[in-house]
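Heads up: the structure comes next, in structure tokens.
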Amino acid sequence: MYQKLLVILKPDCLQKGLVESVIAQIGERGLQVTRSETRLLERSELLVLYEEVEGEGFFEELLTYMQEGPCWILVVEGEQAISEMSSLKGRTGSGKGIRGLYAESFIRNLIHSAESPYKAAREVTFFFPEEGVEMNGKMIMLGLSGMTECGKSSAGVYFDSVGVRRVKMVKIMERIWRENPGDFEDVGSFGDYMLKHRPEWYRLAFADMLLKVMAEEGFIACSLESMGDPAMVEYLHARFPGEFFSLYIDADLEKRLDHQMIREDLTDREKAKSILLPKDDFKSNFWHMEEIKPIADFVIDNNGTYDEFIAQLDNVLAELDYVVSEGA
């Protein structure tokens with residue numbers, strides 16, 4: 001996919017004398033710099049560029065840093081330009097990419113580039129209206145949350161049937177685990193440790209890996225199953241404004257016990273309860289799953305019929321202007 005995006009080499013990139021090296025590395029990835037200019041960014045421009053983090057405690061520090069000196073503003077084009085630039089950019093503290101090698105902090109991190117087609121088009125059009133980039137290819141990411149046997153899997157399967165790729169969050173975590181070898185024997189212990197001790201890193205790494213997987217496999221719409229951690233929901237809301245949406249699927253205990261009995265082929269309701277309730281406790285006490293409901297974009301009531309459930313999912317897609325895949 002041929003793409004165009006805005007790349008900003010920040011004041012510290014110029015101060016460190018890295019501009020020529022970065023531009024050379026852009027070319028080495030088969031991308032072209034089709035436009036460039038050097039100037040001090042205005043506060044009004046920065047308010048648009050970083051609108052998703054306005055209100056965060058570091059916001060004013062970020063704006064001050066971005067006005068320490070001039071920036072080098074580039075328009076970069078080429079095949080898979082967005083994912084190529086994300087890879088080149090790297091992640092602060094990772095030891096890889098421009099940020100991994102040279103960033104001093106998550107604020108003083110040398111380089112900015114959009115991470116989705118929608119944001120890329122929005123940024124290029126804002127800074128260079130004459131470029132005429134259309135805001136197509138908008139990503140949609142649906143985070144599916146809810147208690148045990150509420151219907152998350154059914155929602156994921158249905159979304160997949162209409163072209164919204166079903167993505168298991170644990171699969172993304174497995175990729176992160178394998179690419180960050182350490183003293184963890186499995187992805188579960190790795191994820192538990194990161195959530196408890198390095199939650200900011202975990203959320204950033206998850207979003208980065210999700211973008212990488214989407215680029216590799218060529219899809220721009222997906223559901224994420226199952227999403228616990230309210231902080232992850234808030235982080236993805238901020239990082240992907242207008243593209244990430246949280247769905248909380250609500251079902252009462254009796255309905256969920258019905259689902260558990262079907263799944264386990266049980267006739268004993270107490271046996272089903274003995275399986276379901278410990279899972280509920282884990283979701284409540286470790287993930288704080290129920291805290292997602294008040295901040296969710298959509299709350300889906302799954303206490304009725306299957307058709308009523310699917311109708312609500314269709315309404316979500318309609319509200320997000322998602323066009324169902326042909327033949328689905």
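Assorted remarks:
- Sub-9 Å Cβ pairs linking a first residue in the stretch 92-111 that is more than 12 Å from residue 18 (Cβ to Cβ) and loosely packed, with under 15 Cβ neighbours inside 10 Å to a second residue that is at pLDDT 95 or above and not basic (Lys, Arg), at least 6 apart or interchain, are 104/12; 104/110, ordered by first then second residue.
- Some residue of the stretch 144-154 being in a helix (DSSP H, G or I), touching a Ser or Thr at 6+ places or on another chain (Cβ under 7 Å) and farther than 20 Å from residue 9 by Cα: yes
- Conditions (1) surrounded by 15 or more Cβ atoms within 10 Å (Cβ to Cβ); (2) closer than 16 Å to residue 200 by Cβ: number failed by residue 56: (1)
- Number of the condition not met by residue 93 [criteria: (1) of a type outside the set (Phe, Trp, Tyr); (2) over 21 Å from residue 240 (Cβ atoms); (3) at pLDDT below 95; (4) assigned to a helix (DSSP H, G or I)]: (4)
- Of all residues in the stretch 17-53 being surrounded by 13 or more Cβ atoms within 10 Å (Cβ to Cβ) and of a type in the set (Lys, Arg), the one that is farthest from the chain's Cα centre (by Cα): 35
- Test: residue 166 is of a type in the set (Lys, Arg) and assigned to a helix (DSSP H, G or I): no
- Take the conditions (1) surrounded by 14 or more Cβ atoms within 10 Å (Cβ to Cβ); (2) within 20 Å of the chain's Cα centre (by Cα); residue 321 misses just one of them, which is (1).
- Of everything in the stretch 33-54 that is modelled with pLDDT of 85 or more and among the acidic types (Asp, Glu), the residue that is nearest to residue 22 (Cα to Cα) is 37.
- Residue that is nearest to residue 199 (Cα to Cα) [pool: residues in the stretch 266-288 that are surrounded by 15 or more Cβ atoms within 10 Å (Cβ to Cβ) and of a type in the set (Lys, Arg)]: 283
- Annotation: of all residues in the stretch 160-203 being polar (S, T, N, Q) and modelled with pLDDT of 85 or more, the one that is farthest from residue 246 (Cα to Cα) is 189.
- Of the criteria (1) buried (at least 18 other Cβ atoms within 10 Å of the Cβ); (2) free of Cβ contacts under 8 Å to residues at least 24 places away in the same chain, which one residue 158 fails: (2)
- Checked against (1) under 20 Å from the mean Cα position of the chain (by Cα); (2) in a helix (DSSP H, G or I), residue 56 passes all but a single condition, namely (2).
- Qualifying residues in the stretch 59-90 (those that are at pLDDT below 90 and part of a helix (DSSP H, G or I)) - the one surrounded by the most Cβ atoms within 10 Å (Cβ to Cβ): 82
The values are calculated or read from the model by the stated rules, or taken from the named source; none is laboratory data. Only a predicted model underlies this, so the values are computations on that prediction, with no experimental measurement involved. FYI the Cβ positions are ideal-geometry reconstructions off the backbone, even for glycines, and counts take in every protein chain you see.
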